[in-house]
Amino acid sequence: MKALITGSGGREHALAWKLAQSERISEVLVAPGNAGTAREPGVCNVPLDAADQERLLAYALAENIELVVPGPEAPLVAGLVDRMEKAGLRCFGPTAAAARLEGSKGFAKEVLEASGAPTAGYREFTALEPALRHVDERSAPMVVKADGLAAGKGVIIAETHDEARAALRGMLERRTFGEAGCRVLVEDFLEGEEASFIALVDGEHVLPLASSQDHKARDDGDRGPNTGGMGAYSPAPVLDPAVEARVMHEIMRPVVRAMRGNGAPFRGVLYAGLMISPEGDPRVLEFNVRFGDPECQPLMMRLKTDLLDLIEATLAGRLDQARASWDPRCALGVVMASGGYPGSYAKGRRITGLDSADSPLVKAFHAGTAEEEGEVVTSGGRVLCVTALGESVSKARSRAYKAVSAISFDGAFCRSDIGARALARPPN
Ligand code: AMP
Ligand code: GLY
């Protein structure tokens, strides 16, 4: 069977790499992919924009694609699954109605409240004056969020009242996020440790994947500006079996039940971004309706089950009978980024040393890379996620950093402390 993955990041490279290992897959096509997917055995790039639904659909029909796996969220929110299914194609992801869990933070809050799932207290505004008055009445820090998709930039942690006011003015007055910021949430600031709880959901049943954690801040010690993620590892010791059981019981199952009750059953990957309080209580920060990037890279390194089997069990509503088995080792991925990221950065820098990160224990998943005259060059902010397996977090980490040190391009940087929180905790 031929499968089509949409997107061009590290997550999509990891999904393509894993799916191509399935015996039942003859070819994985990636639209548009990157230099990593172009070079992956059994994988081929197609020069189509991941957001161009019409051309993707025409291509999938013409090429007899039997399974479509969308990588990023925006096409899901825009109805890619609805469109593919209407044309009779199998597409692994939520419908537009269910993808609102990520597409509208206000909608996600309504579902969380209706399900009784723990999350930060909040108020919602569409007009500036009442929002400013609300900010005056409460204490800092607080969190200001644009309701809609804002490419990971719509969340502002306001340490002071002035910062909160400036964020509100930007969103509601100057429309810095366009439509996405017409509605804003002012939310309580939660303390604790973040973790990613990623599960497959078939409308009714929830199959949790292995736990993981990413590092959103650019600099060591979780300092500096927020990014798409500078590295990730799995498993995440903060999600011990007791906390995981609570997340399933208090969050995942009630939310999935509420979505069914809303007439928008959720099917696909449901990723709850959690804050685990110092007392060990999980609370939802946000939902994503797709795999995390870079969490997907260590997860795919550890997944032993055929990914196609899991996707098909999800599409068939059979997740209650499915099992995911995991490599007991730890996987840890370090993102190598272009100097200047998450701001502006140069592109077209030649990357050398990639061969040193290609073994059964180490894999350099590509993100912002392209091919130019037979060479691999940079083409994005996050360039690679160098991922390694190891018997312990520290072994996976030293293996990943050793591979990183052999790869170079002008302006490359990475965090040097990926996995620090896991190392600070005793293993479960
Ligand atoms: P979100 O897109 O909602 O996950 O927010 C992006 C990042 O902002 C999260 O990964 C957290 O680091 C942080 N964040 C969001 N909401 C809160 C909150 N209520 N309290 C503390 N940090 C938050
Ligand atoms: N790693 C965070 C995300 O994928 O949203």
### Message
I need the phi-derived Karplus couplings for the range 206-216: 6.51 cos²θ - 1.76 cosθ + 1.60, θ = phi - 60°, integer Hz, Gly and Pro marked x.
### Response
10, 10, x, 8, 4, 6, 7, 8, 10, 10, 7
### Summary
In this structure, among K109/K216; K145/K363; K2/K395; K109/K304; K216/K395, pairs with alpha-carbon gaps over 32 Å are K145/K363; K2/K395; K109/K304
### Query
Which ³J(HN,Hα) values, rounded to whole Hz and listed in residue order, are derived for the range 383-398 from phi using the Karplus coefficients 6.51, -1.76 and 1.60 in 6.51 cos²θ - 1.76 cosθ + 1.60 with θ = phi - 60°, glycine and proline given as x?
9, 9, 10, 7, 10, 9, 9, x, 5, 9, 4, 5, 6, 4, 5, 5
### Task
Obtain the nm distance between the two label points defined at E63 and D219 by a simple spin-label model: each point lies 7 Å from its Cα along the Cα-to-C-beta direction.
4.3
### Query
Which distance in nm do the two modelled labels at D410 and R138 give, with both placed 7 Å along the Cα-to-Cβ direction?
4.7
### Summary
Ordering K2, K363, K86 by the accessible surface of their heavy atoms, 1.4 Å probe, largest first, yields K86, K2, K363
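Ignoring everything except DSSP H segments at least 4 long, calculate the 222 nm mean residue ellipticity for the chain; use -39,500 (n - 2.57) per segment, divide by total residues, nearest 500.
That calculation yields -8000 deg cm²/dmol at 222 nm.
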### Query
Taking amide H positions as placed 1.01 Å from N in the peptide plane, with prolines and chain starts having none, which residues 5 or more places from C44, or on another chain, fall under 5 Å of its amide H?
V28, L29, V30
#### Entry: Amide H contacts of E194 (H built 1.01 Å from N, under 5 Å, at least 5 apart or other chain)
I276
### Query
How many angstrom separate the Cα center of the range 202-224 from the Cα center of the range 35-68?
27
### Query
Which of the GluC sites (Glu not before Pro) found in the range 309-395 are in a DSSP loop and have at most 13 neighbouring Cβ atoms, other than their own, within 10 Å?
E373, E391
### Query
Where does the Debye-calculated log10 I(q)/I(0) of the chain sit at q = 0.07 Å⁻¹, using only Cα point scatterers of equal weight, no solvent?
-0.32
### Task
Please give the contour-minus-distance gain from K2 to N226: 0.36 nm per residue of separation, less the Cα-Cα distance, rounded to one decimal in nm.
77.0 nm
### Task
Could you go through the range 294-309 in sequence order and give the Karplus-derived ³J(HN,Hα) for each residue, using 6.51 cos²θ - 1.76 cosθ + 1.60 with θ = phi - 60°, rounded to whole Hz, and x for Gly and Pro?
x, 4, 4, 5, x, 5, 5, 4, 8, 5, 9, 5, 5, 4, 4, 4
#### Entry: Placed amide H near C91: partners under 5 Å, 5+ positions off or other chain
V68
### Task
Return one whole number: the accessible area per residue of the chain in Å², for a 1.4 Å probe.
40
### Message
Report the gain in length on full extension from K395 to K153: 0.36 nm times residue separation, minus Cα-Cα distance, nm rounded to one decimal.
### Response
83.8 nm
### Task
Would you calculate the separation in nanometres between label points at A127 and E113, each defined as 7 Å from the Cα along the Cα-to-beta-carbon direction?
1.9
### Summary
One checks the Cα atoms of the range 44-184 and finds Rg and Dmax, in Å, of 18.8, 59
### Task
For an R0 of 25 angstrom, estimate the FRET efficiency from the Cβ-Cβ distance between M248 and S325 and round to the nearest 0.05.
0.85
### Query
Which GluC sites (Glu not before Pro) in the range 155-195 pass both tests, a DSSP loop state and at most 13 other beta-carbon atoms within 10 Å?
E159, E191
### Query
In whole Å, how far is the Cα centre of the range 144-188 from that of the range 255-302?
23
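Want the number for Q21 to D358: 0.36 nm per residue separation, take away the alpha-carbon distance, what's left? Walk me through the numbers on the way to the answer.
Working: separation 337, 0.36 × 337 = 121.32 nm, distance 1.56 nm.
This chain segment gains 119.8 nm when fully extended.
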### Loop chymotrypsin sites (Phe, Trp or Tyr not before Pro), the range 172-227 (other Cβ atoms within 10 Å of the site Cβ: 14 or fewer; DSSP)
F189
### Task
First compute the accessible area of the chain with a 1.4 Å probe, then give the percent of it belonging to carbon and sulfur atoms.
48
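The values are calculated or read from the model by the stated rules, or taken from the named source; none is laboratory data. Because the structure is a prediction, the values reported are computed rather than measured. Using ideal geometry, Cβ is built from the backbone for each residue, glycine included, and neighbour counts are taken over all protein chains shown. SASA here: full protein model, heavy atoms, side chains in, ligands and nucleic acids out. Shrake-Rupley method; radii C 1.70, N 1.55, O 1.52, S 1.80 Å.
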